[in-house]
1. Would it be correct to say that Ala261 is free of Cβ contacts under 8 Å to residues at least 24 places away in the same chain and open to solvent by less than 60 Å² (accessible area, probe 1.4 Å)?
2. Looking only at the range 132-166, which residues are open to solvent by less than 40 Å² (accessible area, probe 1.4 Å), free of Cβ contacts under 8 Å to residues at least 24 places away in the same chain and of a type in the set (A, V, I, L, M, F, W, C)?
3. Could we say that Gly285 is surrounded by 12 or more Cβ atoms within 10 Å (Cβ to Cβ), modelled with pLDDT under 90 and either outside any loop (DSSP other than H, G, I, E, B) or on the phi < 0 side of the Ramachandran plot (or both) here?
4. Please state which one of Val249, Val232 is open to solvent by less than 50 Å² (accessible area, probe 1.4 Å), among the β-branched types (Val, Ile, Thr), over 30 Å from Lys122 (Cβ atoms) and at pLDDT below 75.
5. Which is in contact with a Gly (Cβ under 6 Å, 6 or more places away or on another chain) and modelled with pLDDT of 85 or more, of Ile342, Ile276, Ile331?
6. Residues that are at pLDDT below 80, more than 22 Å from Ala333 (Cβ to Cβ) and open to solvent by less than 40 Å² (accessible area, probe 1.4 Å): does the range 297-308 have at least one?
7. How many of the residues in the range 204-221 are crowded, with 17+ Cβ neighbours inside 10 Å and part of a helix (DSSP H, G or I)?
8. If you check Ala93 against the conditions, is it part of a loop (DSSP other than H, G, I, E, B), hydrophobic (A, V, I, L, M, F, W, C) and without any contact (Cβ under 8 Å) to a residue 24 or more places away in the chain?
Amino acid sequence: MKYVKLLLCLIGLLSFSAPAMAEEEGKLDISHIVLEHIKDSYEWHVTDIGDRSVIIHLPVIVHSSTGWHAFCSSAFEHHPNADGYRMGPHNLAIATQGDNAGKIVELTSGEEKRPFDISITKTVLNLFICAIILLLCILIPARWYRKHKPSDEAPKGFTGFIEMLVMYVVDDIIKPGVGKGYEKYCPYLLTCFFFIFTCNIMGLIPFPPGGGNVTGNIAVTFFLALCTFVIVQFSGNKHYWKDIFWPDVPMALKAFPLIPAIEFVGIFTKPFALMIRLFANIMAGHAIAISLVCIIFLVSAKSIGVFLGMSGVSVIMSVFMSTLEVLVCFIQAMVFTMLSAIFIGLARTEPEHE
């Protein structure tokens with residue numbers, strides 16, 4: 001059954017990719033296709049049926065020089081003009097080239113300017129969907145626990161699965177990483193794990209409500225890393241700050257503050273590593289999966305033997321990558337939570353003699 005599901009996912013991915021691969025000159029631009037699938041957008045392209053595109057248009061909310069504007073992204077033209085702009089109302093347009101490619105700009109006197117943009121983009125909508133799913137995953141087991149006593153039989157099914165994950169994260173990740181007093185950090189760290197895991201799994205589903213690239217968006221991973229950074233700094237005790245600005249090293253190294261400078265830079269490199277690790281792994285996984293599917297269309301004009309042979313290789317590798325991505329989804333959620341717990345624990349470490 002699981003192989004059937006993987007095959008259906010692959011077929012869904014093909015239905016997403018194939019329409020976008022037709023170029024005017026019959027050439028395939030792999031980099032353009034990959035970027036189109038993993039970047040954010042103001043509309044959600046589902047598939048193509050003949051010459052007709054099935055697109056979910058999303059709300060656009062911007063503040064330009066003429067005030068606030070709210071309208072549907074369908075108001076923008078589907079094809080760019082000669083200057084590379086998909087024109088819309090109120091002198092607004094979506095740039096298709098330059099530094100603001102893929103973003104809404106305001107065109108005034110021949111110049112483009114970025115308005116204040118709080119539109120519901122594809123990534124934002126996926127974020128809302130994942131948040132709703134995450135709430136259901138927590139509220140459903142919580143309802144079960146309100147109706148049962150601790151002495152009752154352990155839950156089964158979905159509630160039992162969630163309990164198993166929670167116990168694993170708390171007992172094997174949070175408690176060893178944070179140490180004494182770990183209980184007050186459990187809500188944040190559990191939220192990190194389940195949010196990242198949910199977003200990663202939803203990103204593997206090639207059709208709505210899945211197919212997003214939430215944790216492959218650096219703005220999302222930046223915010224998660226920033227939350228960890230703030231919690232670590234506010235959890236730091238006097239020993240933590242002493243080791244940074246007045247470490248136990250020879251006085252010569254204190255007079256020439258090389259070690260304190262290195263330790264101070266380390267405050268920022270830790271959350272930076274969290275941000276880049278999650279972003280790069282998830283984005284790379286999506287890019288590799290799409291690239292493997294593109295092999296079929298790259299060899300479609302070759303001989304029938306080459307086409308069938310390479311198509312078989314592409315399908316096998318795509319199924320393998322899809323299976324591997326499920327494991328990566330869990331590992332990346334676990335690694336982010338584990339490192340966050342370790343950073344918090346290091347900030348609360350007491351001297352050995354105490």
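1. yes
2. Going through the range 132-166, the residues open to solvent by less than 40 Å² (accessible area, probe 1.4 Å) turn out to be 134, 137, 141-142, 155, 159-160, 162, 165.
Now narrow it down to the ones that are free of Cβ contacts under 8 Å to residues at least 24 places away in the same chain: 141-142, 155, 159-160.
Correct list: Ala142 only.
3. yes
4. So the residue among Val249, Val232 that is open to solvent by less than 50 Å² (accessible area, probe 1.4 Å), among the β-branched types (Val, Ile, Thr), over 30 Å from Lys122 (Cβ atoms) and at pLDDT below 75 is Val249.
5. Ile342
6. yes
7. Final tally of qualifying residues: 3.
8. Spelling it out, it is not the case that Ala93 is part of a loop (DSSP other than H, G, I, E, B), hydrophobic (A, V, I, L, M, F, W, C) and without any contact (Cβ under 8 Å) to a residue 24 or more places away in the chain.
The values are calculated or read from the model by the stated rules, or taken from the named source; none is laboratory data. Since we're looking at a predicted model, the values are computed, not measured. Don't worry about glycine lacking a Cβ; one is built from the backbone with ideal geometry, like all the others, and counts go over all protein chains shown. The accessibility values were calculated without ligands, DNA or RNA, using every heavy atom of the protein model including side chains. Shrake-Rupley method; radii C 1.70, N 1.55, O 1.52, S 1.80 Å.
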